[in-house]
4 protein chains.
Amino acid sequence: MADSLRLHGVVPPLVTPLGPDGDVDAASLRRLIRFQLDAGVHGVFLCGSSGEVALLDAGQRRVVVETAVDEVAGAVPVLVGAVDSGTRQVIGHARQAGTLGADAVVVTAPYYVQPHPDEIVAHFHAVRDAAGIPLVAYDIPSAVGARLTPDIVERLVETDAVVALKDSSGDLAGFREILRRLPELPALTGSELFADTAVQLGAAGVVPGLGNVDPEGYVRLYGAAAAGDVAAAKAEQDRLARLFTITTVADRRRIGHTAGALGAFKAAVALRGVISDARTSPPLLPLTDAEIREIAALLGDLGLGPLRP
Amino acid sequence: MADSLRLHGVVPPLVTPLGPDGDVDAASLRRLIRFQLDAGVHGVFLCGSSGEVALLDAGQRRVVVETAVDEVAGAVPVLVGAVDSGTRQVIGHARQAGTLGADAVVVTAPYYVQPHPDEIVAHFHAVRDAAGIPLVAYDIPSAVGARLTPDIVERLVETDAVVALKDSSGDLAGFREILRRLPELPALTGSELFADTAVQLGAAGVVPGLGNVDPEGYVRLYGAAAAGDVAAAKAEQDRLARLFTITTVADRRRIGHTAGALGAFKAAVALRGVISDARTSPPLLPLTDAEIREIAALLGDLGLGPLRP
Amino acid sequence: MADSLRLHGVVPPLVTPLGPDGDVDAASLRRLIRFQLDAGVHGVFLCGSSGEVALLDAGQRRVVVETAVDEVAGAVPVLVGAVDSGTRQVIGHARQAGTLGADAVVVTAPYYVQPHPDEIVAHFHAVRDAAGIPLVAYDIPSAVGARLTPDIVERLVETDAVVALKDSSGDLAGFREILRRLPELPALTGSELFADTAVQLGAAGVVPGLGNVDPEGYVRLYGAAAAGDVAAAKAEQDRLARLFTITTVADRRRIGHTAGALGAFKAAVALRGVISDARTSPPLLPLTDAEIREIAALLGDLGLGPLRP
Amino acid sequence: MADSLRLHGVVPPLVTPLGPDGDVDAASLRRLIRFQLDAGVHGVFLCGSSGEVALLDAGQRRVVVETAVDEVAGAVPVLVGAVDSGTRQVIGHARQAGTLGADAVVVTAPYYVQPHPDEIVAHFHAVRDAAGIPLVAYDIPSAVGARLTPDIVERLVETDAVVALKDSSGDLAGFREILRRLPELPALTGSELFADTAVQLGAAGVVPGLGNVDPEGYVRLYGAAAAGDVAAAKAEQDRLARLFTITTVADRRRIGHTAGALGAFKAAVALRGVISDARTSPPLLPLTDAEIREIAALLGDLGLGPLRP
């Protein structure tokens, strides 16, 4: 199954559209997936950090996965974050995702408990043994505290615990070391701003939260970078870097970085007419109307208007 | 209900005994609670960090709370950690705890999502409004990343969001500032090593993980400190500081700090004959036999042998 | 010589008064020392962090030490910070201080170079061997990055490298561990806010930057705490905690914490008529007039007006 | 003068060779400089972090600069680190460097005093006004704590405070943002492992500590990257990444990272016959003989044997 995944290309970590009552807005999620598939993405990633996974309860997660598997209908691989603080809960999430038809689950280091590297490895081994679905390692120290260092990733690969890596460490030197040590491992970067560089260095693909807003841009960027067209990839990257400034529009004295970034992604996708509502899960605070207008203006400048029906 | 809580004294954060299959060992938990009540503790705290809350699934949490409420039978307040990364899940835990008969729930800042202070406050307000049970604020930045600063605690108290504070920040200066600003707030320290000082400074009580092992010691210490007997409290504190070295017996090059400390608490309570098994939840790695013998020797030196039947 | 030091009591880390050209204002420094001696302090500490040592050049340091040794005239021990990033420079500072008549030098871990614990120990050994003057270990991780952990301090004491400790770590648990392990070591706390607690736990003395402003307060506090009068010490501590809020008057969005705290100390001592000018060394930015008025008001509230001639 | 600098290309931060007494070994330094010039470097940087600047006293710094200016004799620009914790001392170092004939000084944020961004800017302005020599901004948060963020760098450039940037932040995303915002600024990376990427992104040059050992390699890499030959630059980068593993040969349980890296650079340059002795300044501890043999073996594998006379 791992082989058949052939994880590569643009795999956006999709936001989770919510309705006024806070429940998952499945119709919006279907439209978002359709928007992504039409743009040519090579996979989708549900229940990731951009999907507010840490703020979703079990029922919400189930609806997201069911909806996504149904809408994608086998067109591309469906990845699902089995993100939780402890081994037992992660196994539960992973089994459910597998039962619902996901192709792989994405697993972080344990958190809250400040694990030793050997405990991180033990975590992945226990999940692998019990989950019945391939695992993708997810390195995101800003959220979980611990690193998946190159040494840990190498141990996970050598023991067949994971079939791929999603790197959101922000440590491009460590990512490059992994690419050197493990050239066979499909390694994807979570960086919005180094997608071109990562692919040129050997990354199999990119998992950009900003891909929610402009999947076509990342598909073009990936295509150019994979084809060795450095200048075209860089030009696309520079344009997307400008778009990425939507994540810093929110006033950091008022709301957190996560709220500002995820709120901007959702606002932009809503402004483009893809999802119905930009609301995020509590306790994330919303953007102001003025901030949303600023995002709309930036989208307009970049020609990313509402989709035509 | 908040008034009737009158939270004070020694409120140990109980470990969660597990059976060979990883399920909660309810019989051991009952013996542990009986052991604590016999020692004269003034409350019990289930599903805290010492209770491995971040590693328990929903079913395990339910068994712990049901068992505890039944065994305590109203003798002292039962506190339950409603610990999770997001608001919606915390509300779910809190409602369940209230339904099962807990007296209050203990709530941390959200985690994984790096919240702004206003988002932390919004989290507590949303949980308060939906939970139907009093909240105790739980400041534990080593686990969740964010601080409950004195400013945040003051806002929570002024808006009637919390009825007490458990401080595990390690920041005694901040704790003292809270005591100065909010003399009416029952504030309990999670520090094993400054229990005497905290009470002398005005803390309402102590929540020491080490209380699992020697509740009588902390009851004596609290009594002495509350009575103004500085020398007696210090002597007891010094003895307990020596006992606390069981948490550093495990080789940190092999297992994490959390595994070493919680494993030591469980090993010691098992060696004393209170619970049946010292195992911890995955991914925490176990202590070695040699390490457990070292703990046994230290218990022997301090006269903390097995309980007589 | 170490024995004859008998370091104890209140040893304020004196600010370095500056003239309009940035040179040391020796006349103000003499008045400040006289003010301290009249208040009954048990020692003085020049060229510490409160003395802006990291911003003084070699010439300024020389003037400070010469002036202080002359003005103190043997009345109490004179400590001098031999603070620098590397071993060779620290030896140079230490030798000069000894030649000029200081009684001991205060030495931090090396900085800029991220030393290993063994390198920290080697640093102290090399300075001890070359300096010809007793060393006091100075733990101030907020400034230098590295900690002097209890293990390191124990090694320094066992190898006769230091005769005392100044603890500005903010880690009261570590400080208490040192007091337990090394009851013979004169250990002084740099905490303004835990002076009473530290002395009750066994600290030999206190080194409060706020002592520049109200040395009589700390002398009273120390006397009460050393005599076991917990209530009197706590009352004095609470009053000094209120005075300490002068360090947070400056707007942190405009100037740094160091500038705000040292600027407040100097402003208060100037307002009390002890030194002529509140200016700090570049690049520290000054307090505003409004901030200084706020400090003046707080001094007035606490009855700390200008000295009578 | 700033224009005439035209800083670009490979500008290695040279190690400071020391004799048995710890004094600067000027003859070795001359050979090292000759070795670098023969390899085609485009500048040299003395008294940087790789030059152990934080461990050198004033006399040693003087010898280093005098020797370097004399040996370079105008062939390439000579940069000198005016590195110190405070403004007044940095001005002193900068003036001396200018007097001795350096072309520019390299200046970090102040340290020890935890400066506010405005204080960092004020520091650069004060040094610029007093130094009489162009400044290069040096972002090295691992050593000094504070960051030179893109915002700060932009302010420094807009106010003509600096003529170039040396980025050792490890934050390639921030570096890329600076390149986007300030395309006219000569920005050099201190990264040994992303030299190719940095140049492809627009960096004017590279300042690799590893350039001490293999300047020809970095000159080839820079040439290829600047010419747009991505594959050739990457191949050279991969070879240099292998060479860079000499910095992790030293056992980190025994000596610090700085000691291990600088000791490896010096050992390798000594093994190549360029300098006479690999010793570092106290308190840095030396590599073991076995570690040095391991470095020798790695040099041999890569064909970097002793120079022929």
Going residue by residue through the range D:6-22, is there one that turns out to be hydroxyl-bearing (Ser, Thr, Tyr), open to solvent by less than 10 Å² (accessible area, probe 1.4 Å), modelled with pLDDT of 95 or more and over 13 Å from the mean Cα position of the chain (by Cα)? no
When you go through (1) surrounded by fewer than 18 Cβ atoms within 10 Å (Cβ to Cβ); (2) under 30 Å from residue D:232 (Cα atoms); (3) away from every other protein chain (no Cβ under 11 Å); (4) of a type in the set (Gly, Ala, Ser) one by one for residue A:303, which number turns out not to apply? (2)
Looking at (1) open to solvent by less than 20 Å² (accessible area, probe 1.4 Å); (2) without any contact (Cβ under 8 Å) to a residue 60 or more places away in the chain; (3) away from chain C (no Cβ under 12 Å); (4) touching a helix residue (DSSP H, G or I) at 6+ places or on another chain (Cβ under 6 Å), which is the only condition residue B:203 fails? (4)
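Which of the residues that make up the range A:187-200 are in contact with a strand residue (DSSP E or B) (Cβ under 8 Å, 6 or more places away or on another chain), within 14 Å of residue A:233 (Cβ to Cβ) and either within 11 Å of chain D (Cβ to nearest Cβ) or aliphatic (A, V, I, L, M) (or both)? Spell out the reasoning first.
Going through the range A:187-200, the residues in contact with a strand residue (DSSP E or B) (Cβ under 8 Å, 6 or more places away or on another chain) turn out to be A:187-191, A:195, A:198-199.
Then keep just the ones that are within 14 Å of residue A:233 (Cβ to Cβ); that gives A:189, A:191, A:195, A:198-199.
Of everything in the range A:187-200, those that are in contact with a strand residue (DSSP E or B) (Cβ under 8 Å, 6 or more places away or on another chain), within 14 Å of residue A:233 (Cβ to Cβ) and either within 11 Å of chain D (Cβ to nearest Cβ) or aliphatic (A, V, I, L, M) (or both) turn out to be A:191, A:195, A:198, A:199.
Out of the range D:248-263, which residues are within 14 Å of chain C (Cβ to nearest Cβ) and either of a type in the set (A, V, I, L, M) or assigned to a loop (DSSP other than H, G, I, E, B) (or both)?
Once the filter is applied, which keeps residues that are within 14 Å of chain C (Cβ to nearest Cβ) and either of a type in the set (A, V, I, L, M) or assigned to a loop (DSSP other than H, G, I, E, B) (or both), the range D:248-263 yields D:250, D:251, D:252, D:253, D:254, D:255, D:256, D:259, D:261, D:262.
Among B:290, B:270, which is the only one that is modelled with pLDDT of 95 or more and open to solvent by 50 Å² or more (accessible area, probe 1.4 Å)? Even if it seems obvious, please write down each step before you answer.
Working: B:270 fails: open to solvent by 50 Å² or more (accessible area, probe 1.4 Å).
Unique residue meeting the criteria: B:290.
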Evaluation of residue A:253 against (1) closer than 22 Å to residue A:298 by Cα; (2) at pLDDT 95 or above; (3) open to solvent by 10 Å² or more (accessible area, probe 1.4 Å) (one fails), failing number: (2)
Residues that are farther than 30 Å from residue C:174 by Cβ, within 14 Å of chain D (Cβ to nearest Cβ), of a type outside the set (Asp, Glu) and touching a Pro at 6+ places or on another chain (Cβ under 9 Å): does the range C:264-279 have at least one? yes
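In the list A:305, A:223, A:273, A:217, which residue meets the criterion of being touching a residue at least 12 places away in the same chain (Cβ under 8 Å) and assigned to a helix (DSSP H, G or I)? Explain how you work it out, then say what you get.
On the way: A:305 fails: assigned to a helix (DSSP H, G or I); A:223 fails: touching a residue at least 12 places away in the same chain (Cβ under 8 Å); A:273 fails: assigned to a helix (DSSP H, G or I).
None of the others qualify; the one that does is A:217.
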Give the residues of the range B:227-240 that are among the aliphatic types (A, V, I, L, M) and crowded, with 20+ Cβ neighbours inside 10 Å, sorted by residue number. B:233, B:240
Within the range B:214-226, considering residues that are under 10 Å from residue B:199 (Cβ atoms) and open to solvent by 20 Å² or more (accessible area, probe 1.4 Å), the one nearest to the chain's Cα centre (by Cα): B:222
Can you tell which of D:296, D:241, D:278 is at pLDDT 95 or above and within 30 Å of residue A:227 (Cβ to Cβ)? D:241
Residue D:245 is checked against (1) among the hydroxyl-bearing types (Ser, Thr, Tyr); (2) in a helix (DSSP H, G or I); (3) crowded, with 22+ Cβ neighbours inside 10 Å and fails just one. What number does that condition carry? (3)
I'm told residue B:75 meets every condition in (1) under 17 Å from the mean Cα position of the chain (by Cα); (2) more than 12 Å from every other protein chain (Cβ to nearest Cβ) except one. Can you identify the failing condition by its number? (1)
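Against the definition (touching a residue at least 40 places away in the same chain (Cβ under 8 Å), among the small types (Gly, Ala, Ser) and away from every other protein chain (no Cβ under 12 Å)), how does residue A:241 come out, yes or no? Spell out the reasoning first.
Working: touching a residue at least 40 places away in the same chain (Cβ under 8 Å): yes; among the small types (Gly, Ala, Ser): yes; away from every other protein chain (no Cβ under 12 Å): no.
No: the conditions fail for residue A:241.
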For the range A:153-186, give me the residue count where each residue is crowded, with 21+ Cβ neighbours inside 10 Å and within 14 Å of chain B (Cβ to nearest Cβ). 3
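The values are calculated or read from the model by the stated rules, or taken from the named source; none is laboratory data. Everything numeric here is computed off the predicted structure, so don't read it as measured data. Cβ: placed from backbone, ideal geometry, glycine included. Neighbour counts: every protein chain shown. Quick note on the areas: whole protein, heavy atoms, side chains included, nothing else; ligands and nucleic acids left out. Shrake-Rupley method; radii C 1.70, N 1.55, O 1.52, S 1.80 Å.
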